[in-house]
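So the structure is just underneath, and the comments pick up after that.
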């Protein structure tokens with residue numbers, strides 16, 4: 001049987017059938033666990049939380065009791081949400097729920113918000129608003145996604161921003177305001193310092209909005225203010241799109257970090273004041289529609305549980321995703337402090353590594369020593385063109401005894417992810433297949 005942790009994956013397989021992580025789904029050994037039944041509570045039912053719940057049940061032959069605690073009734077996918085902003089996708093195409101995890105795998109779903117987690121002997125009690133009795137369990141998996149830092153106005157007071165970085169009501173609100181942008185209007189978008197969750201991809205969003213304006217409002221333009229020193233993902237394809245597809249209506253400015261916002265007369269209009277990183281100077285950019293994406297950190301419950309360090313994310317053991325601050329609690333997905341991208345597909349992969357590690361620990365074994373996570377992501381560059389990025393992230397110990405997941409090209413094994421040689425209509429078609437496969441694999 002092929003090891004789920006080797007590099008023998010073709011690029012074609014990774015980007016299609018393997019795009020949803022089916023290598024890991026089909027080749028992990030199942031763990032049959034003896035009584036008494038072990039219990040896991042998963043806080044958060046997003047890409048990582050849903051996946052870890054599913055595979056804890058699947059790989060244990062349904063001998064581990066798994067409960068997801070989730071305040072929402074619907075998961076709204078951040079993946080593909082940029083195409084809802086431009087009106088190409090219907091919002092309903094982003095909606096998923098946990099009914100099939102319950103029906104097919106016996107995952108229990110509790111609707112509510114976690115108010116606290118406390119030790120209970122060798123296990124834990126998870127308090128949920130509205131429940132008279134806490135949920136008791138042997139281990140807790142925390143998968144809360146991200147939270148957003150405050151953005152200040154010109155008098156240093158918190159100000160509301162339209163980021164649409166958490167897919168849902170703000171996604172359609174940004175769509176409606178984009179449609180209403182004046183024919184010669186200016187759309188200003190900011191990109192926060194890394195690390196940030198992607199998707200929704202910031203450079204992807206810049207491209208599809210520039211494409212929308214080019215087709216529907218050719219006199220309008222988009223200004224992209226990036227706090228990072230350069231394009232952080234797929235630089236060749238995005239820079240080529242910026243210059244060749246959208247040179248007349250897209251301005252990209254790197255090293256521009258949001259300082260404050262001065263509100264305009266219309267909703268989410270105004271002037272953005274940015275620090276030009278490393279220079280001591282500032283700039284002002286006036287816009288008819290401001291799409292300000294704040295800096296990010298772990299979801300609030302991870303912070304309130306004391307799982308995060310001064311980076312705002314939760315340090316974990318890389319082979320098990322167990323918290324290094326509070327053993328017995330695992331943190332997965334975007335909230336975890338790792339070198340892995342904060343992306344839905346990677347959250348799916350990390351969740352499988354975590355599920356496998358927990359089951360090994362329950363079986364009095366050690367977690368697998370050198371896990372691997374696959375990453376595949378398609379990015380629309382227009383309403384018909386898309387590119388892709390892929391990597392295999394190998395867990396490696398470093399000379400200073402630290403660890404990291406190192407991206408390696410799956411063909412050459414050279415360090416770094418691989419991006420498509422160019423955007424194409426064929427990639428755009430495959431993007432839809434990749435999305436549906438990944439979401440089905442996670443929630444069904």
Over all directions, the average projected area of the alpha-carbon convex hull for segment 47-190 comes to how many nm²?
12.4
Listing 260, 313, 281 by rising number of other beta-carbon atoms within 10 angstrom, fewest first, gives 281, 260, 313
Antiparallel as a % of all DSSP beta bridges within the chain, to the nearest 5?
60
Once you have the alpha carbon radius of gyration of segment 244-374, what is it after dividing by 2.2 N^0.38 Å, with N set to its residue count?
1.47
How tilted is helix 344-362 with respect to the longest principal axis of the chain? Cα atoms for both, answer in degrees (0 to 90, nearest 10).
20
Report the antiparallel proportion of the DSSP beta bridges in segment 150-294 as a percent, rounded to a multiple of 5.
50
Coordinate range along principal axes, alpha carbons of segment 382-443, Å, largest first:
46, 32, 19
How far is the Cα center of segment 391-444 from the Cα center of segment 297-331, in Å?
24
For the chain, modelled as a GNM with alpha-carbon contacts under 10 angstrom, which of 232, 189, 80 fluctuates the most?
232
Report the rotationally averaged projected area of segment 108-213 based on its alpha-carbon convex hull, in square nanometres.
10.8
Per residue, the convex hull enclosing the Cα atoms of segment 150-294 spans a volume in Å³ of 107
Fewest first, what order do 330, 345, 163, 421 take by the number of other Cβ atoms within 10 Å?
421, 163, 345, 330
10 Å binning of all Cα-Cα separations within segment 342-411, expressed as whole percents from 0 upward
18, 38, 30, 11, 4, 0
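What Kirkwood hydrodynamic radius, in Å, does segment 104-163 give when the mean of 1/r is taken over all pairs of distinct Cα atoms and then inverted? Please list the in-between numbers first.
Numbers: mean 1/r = 0.0670 Å⁻¹.
Computed over Cα pairs of segment 104-163, the Kirkwood hydrodynamic radius comes out at 14.9 Å.
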How far apart, in nm, are the 7 Å Cα→Cβ label points at residue 267 and residue 155?
2.3
Just from the alpha-carbon atoms, what are the Rg and Dmax of the chain in angstroms?
21.8, 68
Determine, at each q value in 0.19, 0.20, 0.22, 0.25 (inverse angstroms), the log₁₀ of I(q)/I(0) that the Debye formula gives when each Cα of segment 205-279 is one equal point scatterer.
-0.90, -0.97, -1.08, -1.17
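Only the coordinates and a few stated rules stand behind these numbers; no lab work does. Just so you know, these numbers come straight off a predicted model, no measurement behind them. All Cβ positions, glycine included, derive from the backbone under ideal geometry; neighbour counts span all protein chains shown.
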